[in-house]
Every structure is written in structure tokens, then in C-alpha cells.
Ligand code: SF4
């Protein structure tokens, strides 16, 4: 066992990251080994990212009405969830949400729209206008999550001041057909390549607790490493009534920490941002997500579920001796 710990620490601290077998071993560690694991992941996080924590916030700028059938999503075409459904917000509405996010302490603001792809030119221009105004008047870094954008659209948004493009792979290539049947995994991978090719900072991760195996979790982590994404958002399923996964509860708080740790150790130099589902899945262990390797979190509400008050998150960072980070 000593050899395992030494190897894991050395490979992660070198920046290279651990391999498949060690990543699987991390996911199967008994709860009593958690402190040893966190000692390593905390050191790795500090080595590559210091003590600054990124705080992101989002607006659900276009809700519901999606053509896709992702099983976890309240906005999918097979969801009967009672969520608000509306077309793209006006530029003024998006700007107001960004101002509120800044008030909450967010340093990065993401404009998220449901749907596989935003192909409407007028809508893309509206988002571009909003990005430029948010950047100029509020000084926030901006991100968009608009589906499978081609490189030319990403280039246009970058020319308006955009920094990041978010597009999740959601889960492993192997498990994806059990999650979504209306589009292919490769379409998502191509969107990630397009964003990288255009020169965007790429934020790409997934959601855990859908019924995927430990092997699927590691497969996703290694795919993200191969793609060289800059930032990995981590979501834990918070099953919304009316979705196919309603009532599913697979994850314990300890398991969530092992997933974050596995991602930190396989992708030691990348940002890991813990997003939706953290309150209900990590529960009272939320503050340990940073020791497990998270370098950021989302404040405020998620796409279709409510987050806790942002003041609680800012206080949590202060209590831990951490501070919000610019950029
Ligand atoms: S995750 Fe995105 S693509 Fe899938 S159903 Fe939800 S909004 Fe549509």
C-alpha cells in the first residue's frame, strides 16, 4: 500500500497524472483511507493552483424546449419536470443576471442555453453583445454554453471578449448511449476540439451518479486528459421529479470526494470546478471538496435547481483560509 501512495503522489505532483489502474484503486479506497488521500490531493491542488478558488455563476438564458433526450436533464424532450420554459433572454436580462452574479462574488459568468446547438445568427449576436457589455461594464470573465458551436462561431464570440466555452461530455463514451440517444458522443467531442481550435479556454466535464460504473468514471477522466481541456466542471446528480432518473440516489458524500480526488490525480494541472448537486450529495462534507482537489465552485442557482445562499459559500472559503481567485 505504501508503494501505491508514493506512486500516486509522485505521478500527480509531476503534473503527468496517475494511470487507469491507480485511478480505479482511488475510487475503491475504503472510507478510512480518505484522510491519506486528501493529504495528497490537497498538496497537488496547492502545487498547481495555490489557495485561490474560482467562483463561477450562470444564467439559464434559454430554458427547456430541447430536442435532446439526456436522461438526467430537466430540460430534455423526455422530461416532464415542472420547470420554466422560455426562449433566449434579452441582452438586458442577461446583463442584469450578470450584475447579480457579481454582487454574489462571482468572478466568471456563463451564459447557458438549452439545446444541442445555437444555429440562429440573431441569437448568437445577442449573446455576443451581452458578452461584450458584461466584460466592459462589469469586468467579469465570460463563458458560454450554447451546445455544439462550430469554430467560426467560437471565433466570433472570442472577438466580442469571450474567454471560455463550456461543453460537457457528461459521461464516458461507453456509457453515453444509456444517457442520450439523440446525438452521438463524437458530436460533443468535435465541439470540444472546435472550441480549442478557435483558441477558447475550454471547460468540459460531466455528471456523476447516473448509474455509471467506476470504469466509466475513469474513462471520462482520461478522455478529458487526452483532450487537454482547461477546466473540468463536476456535477453530481440531483434527480429532478419528472425526469427518467427521478428518485435515483447512487452517491454518498465520501464517494463524491473520491470522484473529485480521482479527477485531481488524473488531471493534476487542470481546474476542477464543483457545480450542480454539491449541496445534496456532499451535504456536510462540502468544504472537503477543496482538500479533495476542487479549485472552484459555482455560486448561486444552477440551471434548473436552486443553490444555497452565496454568502454561505464565501464564508466557507474564509473559514478554510481560502480566497476567491481572479482568472
Ligand atoms: S443536457 Fe443539454 S442537450 Fe441534453 S437535454 Fe439538457 S439541454 Fe438538451
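Each reported figure results from applying straightforward, stated rules to the coordinates on display, with no laboratory input. Please read these numbers as outputs of a predicted model, since none were measured by experiment. Cβ placement follows ideal geometry from the backbone for every residue including glycine, while neighbour counts extend to all protein chains displayed.
For the reader, a short list of remarks on this structure follows.
- The value of relative contact order for the range 2-324, using C-alpha pairs under 8 Å at least six residues apart, is 24 percent.
- Inter-site label distance for residue 36 and residue 96 at 7 Å from Cα along Cβ, in nm: 5.5
- Anisotropy class of the range 173-276 from Cα gyration tensor, a/c 1.5 cut: oblate
- Degrees between helix 185-198 axis and first principal axis of the chain (Cα, 0 to 90, nearest 10): 80
- Exposure proxy for 201, 193: other Cβ atoms within 10 Å of each Cβ, ordered fewest to most, give 193, 201.
- The helix-based estimate of mean residue ellipticity at 222 nm for the chain, built from -39,500 (n - 2.57) per DSSP H run of four or more residues and divided by its residue count, is -12500 deg cm²/dmol to the nearest 500.
- Fully extending the segment from residue 182 to residue 315 would add 43.7 nm, taking 0.36 nm per residue of separation and subtracting the current Cα-Cα distance.
- Counting 0.36 nm for each residue step from residue 254 to residue 77 and taking away their Cα separation leaves a gain of 60.4 nm.
- Cα-based radius of gyration for the range 2-324, normalised by 2.2 N^0.38 Å, reads 0.94.
- Three-way shape call for the range 119-177 based on the alpha-carbon gyration tensor, with the a/c threshold at 1.5: prolate
- Taking a point 7 Å from the Cα of residue 246 along the Cα-to-Cβ direction, the residues of the range 66-94 with backbone N closer than 16 Å to it are 71-84.
- R0 of 41 Å, Cβ-Cβ distance residue 121-residue 269: FRET efficiency to nearest 0.05: 0.65
- DSSP bridge pairs, the chain: antiparallel proportion in percent, nearest 5: 5
- The angle between the Cα long axis of helix 121-133 and the main principal axis of the chain comes to about 70°, on a 0 to 90 degree scale.
- Axis angle, to the nearest 10 degrees, between helix 2-13 and the longest C-alpha principal axis of the chain: 30 degrees.
- Ranked list, fewest to most other Cβ atoms within 10 Å of each Cβ, for 109, 176: 176, 109
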